[in-house]
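Input: a single structure, listed below in structure tokens.
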Amino acid sequence: MSFAADFKPARVLASPNRGERRSAIDMIVLHYTGMKSGEEALARLTDPTSKVSSHYLVHEDGRVDQLVPEAQRAWHAGLSSWKGITDINSCSIGIEIVNPGHEYGYSDFPDVQIDAVIALCRDIIARRNIPSARVLAHSDIAPARKQDPGEKFPWGRLAAAGIGLWVEPSPIREATTLKPNDRSPQVAELQRALARFGYAADITHLYDQATSEVVTAFQRHFRPARVDGLADRSTVATLQRLLTASSAIA
Ligand SMILES: [Zn+2]
């Protein structure tokens, strides 16, 4: 495999947790490791009994380990869905970013680590022609199960470097338009907009648990100043702007 001049993995380590792809690569999924240390995460991602892996592991000091060749299918996404596709491992490149996560003391991502994520993503996007709307969080594709890489992840900084779809979040005002247990055509409209964007959202007309989880995932990625699962005006307006931006580049 050849890399652009600005990116080179520090180490190439072989994880046994891999297989053959069943579709072409057109997505990047970003994760945090959610373990106490990078070495602990590396051990798990290369342990044959864990059944998990990723293509890359980005350490806090910016070193990047490659664990699975991009041509192969790494086991990072689990039960997931985006735009109706559920075999996310087959179409994506998975990047694990070392961070203790919400369970062990969620911390800011160091600048040098984000610089490395940016260099790696730019390299992959250029080589693989990944559309900007398909650089996603693990929480986007598995909102009921996953929170990573979480609301501290600097998506805006990545976007400034040309990575991912991003609009400035609409300012937060106090009015809540939609909330749990509401049942209305407006709830169905929100669910339709979330599904059109890519989330696995059923059109139930009821602001149910699943709707709260998808709204929470949306906020973690696109409106991180407040992550509460309530579809306030800012959340809905930000989603509308993203839909407009994604249809403009489609
Ligand atoms: Zn993850």
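The values are calculated or read from the model by the stated rules, or taken from the named source; none is laboratory data. Quantities reported herein were computed from a predicted structural model and do not represent experimental measurements. Please note: Cβ atoms are built from the backbone with ideal geometry, for glycine as well, and neighbour counts cover all protein chains shown. The protein model used for the area step is the full one, side chains on, heavy atoms only, and it has no ligands, DNA or RNA in it. Shrake-Rupley method; radii C 1.70, N 1.55, O 1.52, S 1.80 Å.
On the given criteria, is residue 163 touching a Lys or Arg at 6+ places or on another chain (Cβ under 9 Å) and on the phi < 0 side of the Ramachandran plot?
For residue 163, the condition - touching a Lys or Arg at 6+ places or on another chain (Cβ under 9 Å) and on the phi < 0 side of the Ramachandran plot - is met.
Residue-by-condition table, conditions (1) modelled with pLDDT of 95 or more; (2) farther than 19 Å from residue 76 by Cβ:
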| position | (1), (2) |
| --- | --- |
| 126 | yes, yes |
| 147 | yes, no |
| 160 | yes, yes |
| 165 | yes, yes |
| 175 | no, yes |
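So for the stretch 200-220 (the condition being buried (at least 19 other Cβ atoms within 10 Å of the Cβ), in contact with a Cys (Cβ under 9 Å, 6 or more places away or on another chain) and not charged (D, E, K, R)), does at least one residue qualify?
Taking every residue of the stretch 200-220 in turn, none turns out to be buried (at least 19 other Cβ atoms within 10 Å of the Cβ), in contact with a Cys (Cβ under 9 Å, 6 or more places away or on another chain) and not charged (D, E, K, R).
Show me the helices (runs of 4 or more DSSP H) found entirely inside the stretch 157-250 where at least 2 residues are closer than 27 Å to residue 116 by Cα. Write out each step before concluding.
On the way: elements: 185-197, 209-222, 233-249.
Filter on the stretch 157-250 gives 209-222, 233-249.
So residue 166 clears everything in (1) more than 13 Å from the ligand (Cβ to nearest atom); (2) within 22 Å of residue 10 (Cβ to Cβ); (3) not small (Gly, Ala, Ser) except one condition, right? Which one?
Here residue 166 meets the rest and fails (2).
Could you tell me whether any residue of the stretch 86-108 is charged (D, E, K, R), assigned to a strand (DSSP E or B) and within 14 Å of the ligand (Cβ to nearest atom)?
yes
Where residues in the stretch 26-73 are polar (S, T, N, Q) and open to solvent by less than 20 Å² (accessible area, probe 1.4 Å), which of them is farthest from the ligand (Cβ to nearest atom)?
Checking each candidate, the answer is 66.
Inspect the stretch 110-132 for any residue being buried (at least 16 other Cβ atoms within 10 Å of the Cβ), within 16 Å of the ligand (Cβ to nearest atom) and not in a helix (DSSP H, G or I) and give the result as yes or no.
Among the residues of the stretch 110-132, not one is buried (at least 16 other Cβ atoms within 10 Å of the Cβ), within 16 Å of the ligand (Cβ to nearest atom) and not in a helix (DSSP H, G or I), which makes the answer no.
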